[in-house]
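The values are calculated or read from the model by the stated rules, or taken from the named source; none is laboratory data. Keep in mind the model is a prediction, meaning the values are calculated, not measured. Counting neighbours? That spans all protein chains shown, and the Cβs are built from the backbone with ideal geometry, glycine included.
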Amino acid sequence: MSSTFPEAKTMPAISKGCQLLMSAWDKRHAPPHPSPSPQGERGITSPKVTNCVLHPGDHTVKADALCISSEPFPLTPTLSLRERETCSLAKGEFGHLPTTPGMGCMQRRQMDFPLPKGEISVAHFLVGQAISKLAAHAVLAIKLCLIICAAFFLLLPARAADEPAAIAGSVTDSWSSRGLSGVVVSLRGTTVAVTTDAEGRFQIKPAPPGNQALHFSKSGYQKATVTEIKVLPGQVSRVEVQLKPEFYEMETYEVVAEPFEEQPLEILGDRQKAAAMTDAISSDMFSRVGAGDAAEVVAKVTGATIVDGKYAVIRGLSDRYTATTLNNAEVPTADPYRKSAQLDLFPSKLIDRVVVSKTFTPDQPGSFTGGAINIITKSFPEQFFFNMSVGGEWNSQSSLNPNFLTYPGGGLDWLGMDDGSRALPEALEAGQAIPTPNQGNTLALRSANAATLDSLTRSFKSHYFAPIKSTSLLNHNFSLSVGDKVKFLNRPFGYFAGLSYSHKYNFYDDGLTSRYIAEGNSLRQVLLLNDVRGVDEVAWGAAANLASEIAENHKLSLNFMFNQTAEDEARRQQGFFDRNGQAADGKTYDTISLHYTERNLSALQFKGEHKFTDIHGVKLDWLASFATTTQSEPDLRYFSYFKNPNGFNEFSNELFPTSPSRYFRELEEKNRTLKLDLTIPFPSWSEQDSEIKLGWSLSNSERDYRDRGFAYLSSPGIDFAPFDTAGDPNAFVSPENIYYTQVGNFFRFSRYIRENPPNRYSGQSEVKAGYAMMDLALSSKLRTVGGVRFETTDLTVDSAGGQTRNSAKSSIKEGDWLPAGSLIYSPVSNMNIRASYGLTLARPTYREIAVVETFDFVGGDILVGNPNLRRSMIDNYDLRWEWFPRPGEVFSAGVFYKNLKDPIEQINVDNSGEKISYVNRDQALVYGFELEARKSLDLIHRELKPFSLGVNFAWIESEVELTRTEMGTKLLFDPAASAKRPLFDQSPYIINLDLGYDNERLGTRATLAYNISGRRLAIASAFGPDIYQQPAASLDFILSQKLSKHWSLKFSAKNLLDPEFKRTYGENPQDRLYSTHRKGRSFGLGLSYEF
């Protein structure tokens, strides 16, 4: 076929390369190879060719022209695409479909074409329109060719004259347009046959020259044959085929089973062809391993661990170096001290898949180093479905326990929402000042202020400061989802809606908490407490997805997600406490906390996907996202005191807080994201798909944080009677114990409140980015992906308050070029060898540069911001081999190395070890290797085909140098101490193992899953040994059984090993205890209905 761009023949020096590219373009976009037709030996027909028939005679024109029906019908510029493309040739005539879609049926040689009388001017008009379009497309193609040739003509390899002929192409599903794996492609008349890979691609090389025919077959699909394929020496003939499903053979599994079987194959296919190194887990695997939220899902990824049940650590790098996105849009965090989003906010029932990218490409945010987690929500299906499930779970420690710790809450606690029972009193919320006792120059003024102070002291709604015991319920959950694809305004329209709810109880009464302080070169124990803790957890979410194909290849969609979670904690610790080294004299320390945390995430996303087939398949994708996260901790209550042997109770200045206190903390962060991605496909000289990708993004976020604290005091001489002797914290602020009396001209208070210095900060961040990258096939086996991203950072924080009442403004303004490049070599179609490099960054969080001192309720430390922090820059090197032997199977091995410049780490800033700030270290290193395998066990024996084994392993090392002060302290306790330590939260090894059983005939599926990660640094101390979290192995068993076509039953047994969750002063499990507890074993039963 001649070139559609004749102008390129006049190009000088680089014309040869351009002609090769254009020749490849013609072959890539040529029409399907002809096959014999009823109209004639040389004719072409298409399944859509029905609207126009040629007849000799009547009114004709002698020129290349559009095919016009012999029956009159209106011809206008708005004639539909389908009508313009359809044409059928009569016997003895021949022609071809146009190279550019939408140009109509074009004549190959001069012939008589029929035209209705009086319509010649219309035909000429359409001919002119066609010629104009062809000219415009030719100019665009020439410009694109010039750009590509100018950039890459030096890389053009010389074609060998004796290169063998080949036939290559792809096979797709006619319904979903997805590539079909496992299709047998055989060359008729020979014994040559190949199988399509995970993307549906195939290649037969060498192929015998001449006219050939291919036969395509796959179980569950109609067979197809393509004939008259012209094979020329040294050239690649392309064949694109769609197979139609034989639905009558799959009727039983059409809705229920097919998505569960196809999704894992699709995910591995996407991983194989991805530009970056990725790991992905599908919703099918969520069900198999019993994962309830995104955090439990990510824990199954190679080289990933989860800290505190919420935060991902990937390749030994904490959440600071992890980016979390929802459908490729950034998600703000609800934690004041963390950078990344809390993964337990995303219920697994609403998630389609979780994809973790481990290497950087310019089309991703530059702010990740360990991994970029993309949570992809469920979309509408191809056919109607309805799913509902209910379940219950019994835990050996928490369920139906009459000693479960709790306290009276609000009427909406079951929804994870406070109904105002814990709200800050309206007067204090409105900003009313709290007078001090006896404030005022006159008795009348002092009397008025005393009444105000007493009223404000009484205004808090709950007088409970200690937990009560109550019988807990069983854990329970519920989910509902529905979706369909229908016709709306005669266009495809899809919808999905889902709702999930979970209510769990966690409890332990075997906990121990211990503390040591450094004295000289030894450690002295200052605290040993029995620990009892009850947590009531509620999580629910709703999601909706609407999508419409407004025109062919143009799709608009809207995604909405709302998640609400709450944790209501009641905790009591009692035992020995002696900070000052004086004899405790039999005193018992009693510390209590009541802590309610409510979190919320709402996200609204608008997305467009546009493919312009008339300009060579150029794609334009855009995204607008609006997300808000909140975290509210209303009425957090602390009550700590000493019980004396004589029955007298007392508070102490040794404690923090020194008297009963209430705290109110609010955080809100909003994020707005806009993204544009333009993809320009082009054929390379290797006949493989290549593309140029350009993009721009804008991410704006705003955070507002404030906390207020109130302490209870009493006038001198009153000493909190009658608590001193009665010892009931719940009666401490009961109405009858709050009063004041007048003594002369002054007033004495049994209880009154004083507000601690409040803390607040507000921050704004704007990150703009633009990128350019190319995915270029250098040959049929070698592919390169490279480009650069430019990101600007404008981060500003205004802060005020805290212990020192500081007020300051902090900011970071930077612009960074972030290059990335990789080579992907495929020695065979189902194997990749990847090598990549990328430069990424990590920015400080709002809290880290806010110049305030705040009390960390969870860790018990005072945190101080550092306005002089710098962003970290990281060089990332990766090498991975991956093999996909059969659909659903994978083997991979990889190594990685990361060099961090200016990493941000915590540091103690006082001798007590309780005041912590943040500092840039000079350098840190992270390196390791990863292994992964997933294989059917039929390689051992065919009877083991229902069984599969999956395993992944990661070995990780990291190191950061200690400061001179830290090193000096370490040497006091260990003369052989190293001058380096690992990074926070980094485990030296991570193992995931699962044995699966899937018997479709019986409808039985079972999974035994095991997980363990090595000890990790939890707290780094400058004045003693570091605190390490010891390994805790997990073993879960999940069994599901189909009861009928629509009903299924699931049984789960989790945490079967019930390990000790233990922290120690030092790396070894036998070192001094920091804390320990167990979680108990859980056994669950669920029933689901699918239609």
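Does Lys358 meet the test of being outside the structural domain of Phe1061 (by TED's automatic domain parsing), basic (Lys, Arg) and at pLDDT 90 or above? The answer is yes for Lys358. From the list Ser421, Ser479, Ser455, the one residue that fits, being in the same structural domain as Ala542 (by TED's automatic domain parsing) and either of a type outside the set (Asp, Glu) or over 30 Å from the mean Cα position of the chain (by Cα) (or both), is Ser479. Right, Asp614: touching a helix residue (DSSP H, G or I) at 6+ places or on another chain (Cβ under 8 Å), surrounded by fewer than 21 Cβ atoms within 10 Å (Cβ to Cβ) and touching a residue at least 40 places away in the same chain (Cβ under 8 Å) or not? Yes.
The residues of the range 195-238 that are touching a residue at least 60 places away in the same chain (Cβ under 8 Å), outside any loop (DSSP other than H, G, I, E, B) and on the phi > 0 side of the Ramachandran plot amount to a single one, Glu228.
Meeting the requirement of 1 or more residues that are closer than 17 Å to Trp540 by Cα and among the polar types (S, T, N, Q), the strands (runs of 3 or more DSSP E) wholly within the range 448-520 are 475-488, 491-519. Taking the listed residues Ile916, Ile956, the one that is part of a strand (DSSP E or B), touching a residue at least 24 places away in the same chain (Cβ under 8 Å), closer than 30 Å to Tyr1010 by Cβ and of a type in the set (A, V, I, L, M, F, W, C) is Ile956, with no other qualifying. Only one entry of Asp536, Asp531, Asp510 meets the criterion of being out of contact with any Ser or Thr (no Cβ under 7 Å at 6 or more places or on another chain) and among the acidic types (Asp, Glu), and that entry is Asp510.
The requirement of being small (Gly, Ala, Ser), assigned by TED's automatic domain parsing to the domain that holds Ala539, buried (at least 16 other Cβ atoms within 10 Å of the Cβ) and at pLDDT below 95 is not satisfied by Gly581. Residues of the range 515-526 that are of a type in the set (A, V, I, L, M, F, W, C) and over 18 Å from Tyr1028 (Cα atoms): Val526 alone. Flag set for Asp689, criterion: closer than 30 Å to Ala166 by Cα, in contact (Cβ under 8 Å) with a residue 60 or more places away in the chain, touching a helix residue (DSSP H, G or I) at 6+ places or on another chain (Cβ under 9 Å) and among the acidic types (Asp, Glu).
Test Thr628 against the criterion of being of a type in the set (S, T, N, Q), out of contact with any His (no Cβ under 8 Å at 6 or more places or on another chain) and buried (at least 17 other Cβ atoms within 10 Å of the Cβ), and give yes or no. It is true that Thr628 is of a type in the set (S, T, N, Q), out of contact with any His (no Cβ under 8 Å at 6 or more places or on another chain) and buried (at least 17 other Cβ atoms within 10 Å of the Cβ). Screening the candidates Val313, Val390 for the property of being buried (at least 24 other Cβ atoms within 10 Å of the Cβ), touching a residue at least 60 places away in the same chain (Cβ under 8 Å), in a strand (DSSP E or B) and not small (Gly, Ala, Ser) yields one hit, Val313.
Take the conditions (1) closer than 30 Å to Pro735 by Cβ; (2) assigned to a loop (DSSP other than H, G, I, E, B); (3) free of Cβ contacts under 8 Å to residues at least 24 places away in the same chain; Gln432 misses just one of them, which is (3). Checking the stated criteria, Glu966 turns out to be more than 26 Å from the chain's Cα centre (by Cα) and either buried (at least 17 other Cβ atoms within 10 Å of the Cβ) or modelled with pLDDT of 90 or more (or both).
Residues are listed down the side, and each one gets a yes or a no for (1) at positive phi; (2) of a type in the set (Asp, Glu); (3) buried (at least 19 other Cβ atoms within 10 Å of the Cβ); (4) modelled with pLDDT of 95 or more:
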| site | (1), (2), (3), (4) |
| --- | --- |
| Leu667 | no, no, yes, no |
| Lys675 | no, no, yes, yes |
| Leu678 | no, no, no, yes |
| Pro683 | no, no, yes, no |
| Gln688 | no, no, yes, no |
| Glu691 | no, yes, yes, no |
| Trp696 | no, no, no, yes |
| Arg706 | no, no, no, no |
| Gly709 | no, no, yes, no |
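Does any residue of the range 700-711 turn out to be polar (S, T, N, Q) and within 30 Å of Ser367 (Cα to Cα)? The answer is yes, given that some residue of the range 700-711 is polar (S, T, N, Q) and within 30 Å of Ser367 (Cα to Cα). Does Gly366 satisfy being over 28 Å from Gly821 (Cα atoms), of a type in the set (Gly, Ala, Ser) and not in a strand (DSSP E or B)? No: the conditions fail for Gly366. Name the one entry in Tyr508, Tyr516, Tyr495 that is of a type in the set (Ser, Thr, Tyr) and within 30 Å of Thr406 (Cβ to Cβ). Among Tyr508, Tyr516, Tyr495, only Tyr508 is of a type in the set (Ser, Thr, Tyr) and within 30 Å of Thr406 (Cβ to Cβ). Condition test on Ala842, is it buried (at least 21 other Cβ atoms within 10 Å of the Cβ) and under 22 Å from Arg338 (Cα atoms)? Considered against the rule, which asks whether it is buried (at least 21 other Cβ atoms within 10 Å of the Cβ) and under 22 Å from Arg338 (Cα atoms), Ala842 comes out as yes. I'm trying to understand the selection: among the residues of the range 446-501, which are more than 21 Å from Thr741 (Cα to Cα) and among the aliphatic types (A, V, I, L, M)? Selection gives Ala466, Ile468, Leu473, Leu474, Leu480, Val482, Val486, Leu489, Ala497, Leu499. Among residues of the range 1043-1067 being in contact (Cβ under 8 Å) with a residue 40 or more places away in the chain and outside any loop (DSSP other than H, G, I, E, B), the one that is farthest from the chain's Cα centre (by Cα) is Tyr1065. Within the range 739-748, the set of residues being touching a helix residue (DSSP H, G or I) at 6+ places or on another chain (Cβ under 9 Å), surrounded by fewer than 21 Cβ atoms within 10 Å (Cβ to Cβ) and assigned to a strand (DSSP E or B) comprises Tyr740, Gln742, Phe746. Test Pro402 against the stated conditions and say whether it is buried (at least 19 other Cβ atoms within 10 Å of the Cβ) and over 35 Å from the mean Cα position of the chain (by Cα). Considered against the rule, which asks whether it is buried (at least 19 other Cβ atoms within 10 Å of the Cβ) and over 35 Å from the mean Cα position of the chain (by Cα), Pro402 comes out as no. Check whether at least one residue in the range 511-519 is surrounded by fewer than 17 Cβ atoms within 10 Å (Cβ to Cβ), aromatic (Phe, Trp, Tyr) and farther than 27 Å from Phe346 by Cβ, and report yes or no. Within the range 511-519, not a single residue is surrounded by fewer than 17 Cβ atoms within 10 Å (Cβ to Cβ), aromatic (Phe, Trp, Tyr) and farther than 27 Å from Phe346 by Cβ.
Given the criteria farther than 30 Å from Gly727 by Cα and among the basic types (Lys, Arg), does Lys611 qualify? For Lys611, the condition - farther than 30 Å from Gly727 by Cα and among the basic types (Lys, Arg) - is met. Return yes when Val926 is at pLDDT 90 or above, surrounded by 17 or more Cβ atoms within 10 Å (Cβ to Cβ) and under 23 Å from the mean Cα position of the chain (by Cα) and no when it is not. Against the criterion (at pLDDT 90 or above, surrounded by 17 or more Cβ atoms within 10 Å (Cβ to Cβ) and under 23 Å from the mean Cα position of the chain (by Cα)), Val926 qualifies. Among the residues here, Ala1018 does not qualify as under 26 Å from Ser1075 (Cβ atoms) and surrounded by fewer than 17 Cβ atoms within 10 Å (Cβ to Cβ). Within the range 346-354, identify whether any single residue is in a strand (DSSP E or B), surrounded by fewer than 24 Cβ atoms within 10 Å (Cβ to Cβ), charged (D, E, K, R) and touching a strand residue (DSSP E or B) at 6+ places or on another chain (Cβ under 8 Å), and answer yes or no. Taking every residue of the range 346-354 in turn, at least one turns out to be in a strand (DSSP E or B), surrounded by fewer than 24 Cβ atoms within 10 Å (Cβ to Cβ), charged (D, E, K, R) and touching a strand residue (DSSP E or B) at 6+ places or on another chain (Cβ under 8 Å).
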